[in-house]
Amino acid sequence: MITDLFTPAVIIGILTSGIRLATPYLYATIGETFGQLSGVLNLGVEGVMLMGAYAGFYVTFQTGNPWLGLITAIIVGLLMGLAIAFISVTLKAEQGISGIGIYLFGLGMSDLLFQKTLGTVETVSGFAPVSIPWLSDIPVIGEILFRQNILVYLAYLLVPISWFVLNKTTWGLKIKAVGQNPAAADALGVNVAVVRYATVTLGGILSAVAGASLSIALLNVFQQNLTSGMGFIAVALVYFGGWSPTGVLLGSLLFSIVNALQLWVQVLGIPIPADFATMMPYVLTILALVFAVRKVNQPAALSKLFDRSEG
């Protein structure tokens, strides 16, 4: 019955799952936020996530050490981020089309590597939950917030760090300047290419970590198309969050809690069609984008190419 959703145990379960499920969205969305604020739209987040998920899982599977898996995913994200920056900034390719190309590359390559190296779905012992002393003993709140794995804690810690970098540092000011008016920033001595390379590469790293958080922390498994559209949702959440780390946090939590809700609906056997329950988070995302997106905050030079010779 629908009333089963409102028992204390189920509500705590939904919130605990929602906090955990927001992790990959936070990593990917914050990384994409940095890139977009500098003026580069990367639609290849999904592909980078898949490559990071595979790399992290395979190394963890071979070594039994999830930290080595995470480091490998970071390296893969770094290389893919540099490749995306080279295509978008140096070669000045159309960002939407090149992003889809990166996505297709990640989808196909991760599938190929999976077939050649694993061949079947395997599991690993990834990052285990870590209870924070004293805080984890707080009734209800301790169970929801302070009994998660290390990648969950790091994802939420990334929010205030990102806010500080973007709003309280010279580097953050340069990123925003490049995203608003690259010609003016260039005239003031800011190296537009360097700023965009740095932010897009950071976005690649965080997207790969987002994928790894799925395969070696949340699910501890890898399969074909593991992310199932999470990368594209992450891009949408950047718009929903108004290019702000705090807005991104709220959007990620909203989406993940609704996602956790639909999972519990299926677990409890509530008579709602499974396909309808699965659609709930995505319908919510569409509605949120329609009603909540704040275009006034959109970087003026987003997805626009910059060529010094034309200035």
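When Leu43, Leu68 are checked against the criterion of being of a type outside the set (S, T, N, Q) and not in a helix (DSSP H, G or I), Leu43 stands alone in meeting it.
Do you know which residues across segment 13-67 are more than 12 Å from the chain's Cα centre (by Cα), closer than 21 Å to Gln262 by Cβ and polar (S, T, N, Q)? The answer is Thr16, Ser17. Looking across segment 212-245, the residues that are among the polar types (S, T, N, Q) and farther than 17 Å from Thr23 by Cβ come down to Gln223, Gln224, Asn225, Ser244. When both residues are 6+ apart or on different chains and their Cβ atoms are under 9 Å apart, which pairs have a first residue that lies in segment 192-216 and is within 18 Å of Lys176 (Cβ to Cβ) and modelled with pLDDT of 95 or more, and a second that is part of a helix (DSSP H, G or I) and among the aromatic types (Phe, Trp, Tyr)? Listed pairs, sorted by first residue: Val195/Trp171; Tyr197/Phe86; Ala198/Phe34; Ala198/Trp171; Thr199/Phe34; Val200/Phe34; Leu202/Phe34; Gly203/Phe34.
On the stretch given as segment 132-184, residues that are touching a Lys or Arg at 6+ places or on another chain (Cβ under 9 Å), outside any helix (DSSP H, G or I) and crowded, with 18+ Cβ neighbours inside 10 Å total 2.
Tallying residues that are more than 19 Å from Gly229 (Cβ to Cβ) and either of a type in the set (A, V, I, L, M, F, W, C) or within 16 Å of the chain's Cα centre (by Cα) (or both) within segment 98-112 yields 1. Looking at Thr16, Thr33, just one residue is surrounded by 24 or more Cβ atoms within 10 Å (Cβ to Cβ), of a type in the set (Val, Ile, Thr) and assigned to a helix (DSSP H, G or I), and that residue is Thr33.
Where residues in segment 116-127 are outside any strand (DSSP E or B) and among the β-branched types (Val, Ile, Thr), which of them is nearest to the chain's Cα centre (by Cα)?
The initial filter retains those residues of segment 116-127 that are outside any strand (DSSP E or B), namely 116-121, 124-127.
Now drop any that are not among the β-branched types (Val, Ile, Thr), which leaves 117, 120-121, 124.
Numbers: Thr117: 26, Thr120: 26, Val121: 23, Val124: 22 Å.
The qualifying residue nearest to the chain's Cα centre (by Cα) is Val124.
Restricting attention to segment 135-184, which residues are modelled with pLDDT of 95 or more, of a type in the set (S, T, N, Q) and touching a Phe, Trp or Tyr at 6+ places or on another chain (Cβ under 8 Å)? Answer for segment 135-184, where residues must be modelled with pLDDT of 95 or more, of a type in the set (S, T, N, Q) and touching a Phe, Trp or Tyr at 6+ places or on another chain (Cβ under 8 Å): Asn149, Ser162. Per the conditions (1) touching a residue at least 40 places away in the same chain (Cβ under 8 Å); (2) under 23 Å from Asn149 (Cβ atoms); (3) in contact with a Leu (Cβ under 8 Å, 6 or more places away or on another chain), the sole criterion not satisfied by Gly64 is (3).
Which members of segment 128-167 meet the condition of being of a type outside the set (A, V, I, L, M, F, W, C) and under 23 Å from the mean Cα position of the chain (by Cα)? Explain how you work it out, then say what you get.
As a first pass, look at segment 128-167 and keep what is of a type outside the set (A, V, I, L, M, F, W, C): 129, 131, 133, 136-137, 139, 142-143, 147-149, 153, 156, 160, 162, 167.
Matches in segment 128-167: Pro129, Arg147, Gln148, Asn149, Tyr153, Tyr156, Pro160, Ser162, Asn167.
Which residue, of Val140, Val152, Val178, is at positive phi and either in contact (Cβ under 8 Å) with a residue 40 or more places away in the chain or of a type in the set (S, T, N, Q) (or both)?
Working: Val152 fails: at positive phi; Val178 fails: at positive phi.
Step by step, each of Val140, Val152, Val178 is checked, and only Val140 is at positive phi and either in contact (Cβ under 8 Å) with a residue 40 or more places away in the chain or of a type in the set (S, T, N, Q) (or both).
The values are calculated or read from the model by the stated rules, or taken from the named source; none is laboratory data. Note that this is a predicted model, so its numbers are computed, not measured. Here Cβ is always computed from backbone atoms with ideal geometry, including for glycine, and neighbour counts include all displayed protein chains.
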